[in-house]
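K.L.:
Structure incoming, see below.
The values are calculated or read from the model by the stated rules, or taken from the named source; none is laboratory data. Predicted model, so just to flag it, every value in this text is computed and none were measured. Cβ atoms come from the backbone with ideal geometry, glycine included; neighbour counts cover every protein chain shown. Just the protein is used for accessible areas: all its heavy atoms, side chains included, with ligands, DNA and RNA removed. Shrake-Rupley method; radii C 1.70, N 1.55, O 1.52, S 1.80 Å.
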Amino acid sequence: MKDALIDAADGRRTFVLVLETGDEVMHVLNAFARARHLQGSHFTAIGAFSDAVVAYFDWPTKQYRKIRIGEQVEVLSMIGDIAMSTNGPTVHGHVVLAKADGSAHGGHLVSAYVRPTLEVILTESPRHLRRKMDPESGLPLIDPSTAQDAERS
Amino acid sequence: MKDALIDAADGRRTFVLVLETGDEVMHVLNAFARARHLQGSHFTAIGAFSDAVVAYFDWPTKQYRKIRIGEQVEVLSMIGDIAMSTNGPTVHGHVVLAKADGSAHGGHLVSAYVRPTLEVILTESPRHLRRKMDPESGLPLIDPSTAQDAERS
Amino acid sequence: MKDALIDAADGRRTFVLVLETGDEVMHVLNAFARARHLQGSHFTAIGAFSDAVVAYFDWPTKQYRKIRIGEQVEVLSMIGDIAMSTNGPTVHGHVVLAKADGSAHGGHLVSAYVRPTLEVILTESPRHLRRKMDPESGLPLIDPSTAQDAERS
């Protein structure tokens with residue numbers, strides 16, 4: 001993965017991240033978030049994967065069901081955010097993938113291997129975000145009431 | 001719905017909105033747009049819905065055909081904008097939704113109920129946008145030639 | 001196509017572009033990129049097409065396979081970027097399209113005709129991006145290590 005800071009003003013920073021063949025997306029984004037101390041970011045991306053696992057949140061059981069997409073796919077869209085949870089910065093992304101026939105599939109991104117590129121535009125905001133456990137779903141959800149300035153977090 | 005202002009500089013404001021179980025998306029976004037006097041915004045979002053109605057614009061009849069997606073779905077992508085029309089701020093959003101089998105579906109968003117969360121990043125620009133009726137399609141389309149500074153609108 | 005500058009501060013510029021019936025998307029975006037000297041932009045868009053050609057990158061042959069979607073579709077998502085290559089600014093976009101039954105399809109955007117509108121939000125960053133030929137895939141990929149300030153590019 002290579003990255004560059006393409007815009008920085010008033011406490012906001014925008015990066016381009018270009019992932020390369022073999023990079024695992026969640027691993028790379030989590031490592032980048034820790035290295036750059038990201039605590040309130042949002043991103044979009046396009047590119048292609050050689051293999052991906054997405055998930056569907058099954059409401060009755062409150063469990064993620066994994067779906068393997070074990071083939072070369074175009075990444076039509078990856079949208080997500082980074083917020084603080086008790087374990088540090090947490091990346092949350094959803095993807096839309098196209099198979100060779102052009103049909104679209106996707107879900108909550110569990111893991112994916114890039115081939116040959118993933119172009120990510122990521123903006124870190126001056127105010128930070130925290131996740132808080134939601135008792136009903138069992139998921140850590142963003143709680144805007146805990147947003148705070150970068151200086152204080 | 002909870003929200004926080006996460007960036008504000010040079011007349012631009014970026015908010016995070018976190019919708020909760022049972023929130024109807026178009027109602028919440030329209031109410032937020034009126035409350036914050038939004039007149040030129042764009043947004044992206046991810047999350048999940050328990051029930052949604054999307055639409056396809058049928059060109060021969062110039063009518064939207066509604067498609068009900070009455071099941072728990074992942075919101076892989078919601079992209080949209082807010083511009084002024086004669087009735088006040090108008091929210092326009094398109095969604096990509098994934099069913100339990102990972103297949104993707106979507107359309108112009110008519111209405112949708114969140115479950116358990118929808119994470120929206122929305123940026124209001126310093127210059128505002130207006131929609132103008134397009135006689136051929138019968139739709140109110142954004143007319144950039146009417147963009148104006150926030151101070152004057 | 002009509003456009004307006006809706007935000008400009010600290011070397012960053014955000015435009016809204018509204019394409020109209022009959023506009024070919026890649027032609028319009030490439031012409032806009034050249035006219036405004038764009039060298040490091042990212043964009044999102046929604047709208048509708050009357051006819052589109054997308055592509056899937058077939059890894060074994062390293063060739064794009066074209067897929068024609070010759071019908072009116074909703075553009076659920078168009079995400080992309082603009083970077084410099086040896087021939088000038090290069091637009092790279094991926095689209096998610098919905099057919100009349102709500103099913104989603106897509107790929108790398110080759111060409112598409114708008115009907116009746118495509119609403120694009122495009123941000124040009126103060127630092128610019130270059131593409132460099134990747135020998136393995138044969139594709140020009142963004143190389144962040146060549147990012148440079150607008151003043152020097």
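K.L.:
Which members of segment A:95-133 meet the condition of being under 15 Å from A:Val25 (Cβ atoms), within 12 Å of chain C (Cβ to nearest Cβ) and among the aliphatic types (A, V, I, L, M)?
P.N.:
Matches in segment A:95-133: A:Val95, A:Val96, A:Leu97, A:Val114, A:Leu118, A:Val120, A:Ile121, A:Leu122.
K.L.:
How about segment A:30-48: which of its residues are of a type outside the set (S, T, N, Q), surrounded by 22 or more Cβ atoms within 10 Å (Cβ to Cβ) and more than 7 Å from chain C (Cβ to nearest Cβ)? Show your work before the answer.
P.N.:
Going through segment A:30-48, the residues of a type outside the set (S, T, N, Q) turn out to be A:31-38, A:40, A:42-43, A:45-48.
Now restrict to residues that are surrounded by 22 or more Cβ atoms within 10 Å (Cβ to Cβ): A:38, A:40, A:42-43, A:45-48.
A:Leu38, A:Gly40, A:His42, A:Phe43, A:Ala45, A:Gly47, listed by residue number.
K.L.:
Right, here's the next one. Which condition does A:Lys2 not pass, out of (1) within 14 Å of chain C (Cβ to nearest Cβ); (2) open to solvent by 20 Å² or more (accessible area, probe 1.4 Å); (3) within 17 Å of A:Gly107 (Cα to Cα), if it passes all the others?
P.N.:
A:Lys2 satisfies all of (1) within 14 Å of chain C (Cβ to nearest Cβ); (2) open to solvent by 20 Å² or more (accessible area, probe 1.4 Å); (3) within 17 Å of A:Gly107 (Cα to Cα) except (3).
K.L.:
Got a sec? Which of C:His27, C:His92 is more than 14 Å from chain B (Cβ to nearest Cβ) and surrounded by fewer than 16 Cβ atoms within 10 Å (Cβ to Cβ)? Step through it out loud before you land on a result.
P.N.:
Details: C:His92 fails: surrounded by fewer than 16 Cβ atoms within 10 Å (Cβ to Cβ).
None of the others qualify; the one that does is C:His27.
K.L.:
If the requirement is being closer than 26 Å to A:Pro126 by Cβ and under 17 Å from the mean Cα position of the chain (by Cα), which of these qualifies: B:Ile142, B:Ile79? Write out each step before concluding.
P.N.:
On the way: B:Ile142 fails: closer than 26 Å to A:Pro126 by Cβ.
One residue alone meets the criteria, B:Ile79.
K.L.:
Going by the structure shown, is B:Arg68 farther than 21 Å from C:Leu76 by Cβ, open to solvent by 30 Å² or more (accessible area, probe 1.4 Å), touching a strand residue (DSSP E or B) at 6+ places or on another chain (Cβ under 9 Å) and away from chain A (no Cβ under 14 Å)?
P.N.:
Working: farther than 21 Å from C:Leu76 by Cβ: no; open to solvent by 30 Å² or more (accessible area, probe 1.4 Å): yes; touching a strand residue (DSSP E or B) at 6+ places or on another chain (Cβ under 9 Å): yes; away from chain A (no Cβ under 14 Å): yes.
So B:Arg68 fails the test.
K.L.:
In segment C:2-54, which residues are on the phi > 0 side of the Ramachandran plot and not in a strand (DSSP E or B)?
P.N.:
C:Asp10, C:Gly11, C:Gly22, C:His37, listed by residue number.
K.L.:
Of everything in segment C:112-129 that's of a type in the set (D, E, K, R) and modelled with pLDDT of 95 or more, which residue is most open to solvent (accessible area, probe 1.4 Å)?
P.N.:
Among residues in segment C:112-129 that are of a type in the set (D, E, K, R) and modelled with pLDDT of 95 or more, the one most open to solvent (accessible area, probe 1.4 Å) is C:Arg115.
K.L.:
Since B:Gln63 meets every condition but one in (1) modelled with pLDDT of 95 or more; (2) buried (at least 18 other Cβ atoms within 10 Å of the Cβ), which condition does it not meet?
P.N.:
Of everything listed in (1) modelled with pLDDT of 95 or more; (2) buried (at least 18 other Cβ atoms within 10 Å of the Cβ), B:Gln63 misses just condition (2).
K.L.:
Within segment B:56-65, take every residue that is part of a strand (DSSP E or B) and more than 8 Å from every other protein chain (Cβ to nearest Cβ) and give me the one that is nearest to the chain's Cα centre (by Cα).
P.N.:
The extreme case among them is B:Tyr64.
K.L.:
Another question, if that's okay. Looking only at segment C:134-153, count how many residues are within 8 Å of chain A (Cβ to nearest Cβ) and either aromatic (Phe, Trp, Tyr) or open to solvent by 40 Å² or more (accessible area, probe 1.4 Å) (or both).
P.N.:
2
K.L.:
Another one. Working only within segment A:9-22, note down all residues that are of a type outside the set (Lys, Arg) and open to solvent by less than 30 Å² (accessible area, probe 1.4 Å).
P.N.:
Residues of segment A:9-22 of a type outside the set (Lys, Arg): A:9-11, A:14-22.
Correct list: A:Ala9, A:Thr14, A:Phe15, A:Val16, A:Leu17, A:Val18, A:Leu19.
K.L.:
With respect to C:Ala104, determine if the residue is aliphatic (A, V, I, L, M) and without any contact (Cβ under 8 Å) to a residue 40 or more places away in the chain.
P.N.:
On the way: aliphatic (A, V, I, L, M): yes; without any contact (Cβ under 8 Å) to a residue 40 or more places away in the chain: yes.
Spelling it out, C:Ala104 is indeed aliphatic (A, V, I, L, M) and without any contact (Cβ under 8 Å) to a residue 40 or more places away in the chain.
K.L.:
Yes or no: segment C:96-110 includes at least one residue that is within 24 Å of B:Ile79 (Cα to Cα), open to solvent by 30 Å² or more (accessible area, probe 1.4 Å) and hydrophobic (A, V, I, L, M, F, W, C).
P.N.:
yes
K.L.:
State yes or no: is C:Val53 open to solvent by less than 40 Å² (accessible area, probe 1.4 Å), without any contact (Cβ under 8 Å) to a residue 40 or more places away in the chain, more than 9 Å from every other protein chain (Cβ to nearest Cβ) and not polar (S, T, N, Q)?
P.N.:
Spelling it out, it is not the case that C:Val53 is open to solvent by less than 40 Å² (accessible area, probe 1.4 Å), without any contact (Cβ under 8 Å) to a residue 40 or more places away in the chain, more than 9 Å from every other protein chain (Cβ to nearest Cβ) and not polar (S, T, N, Q).
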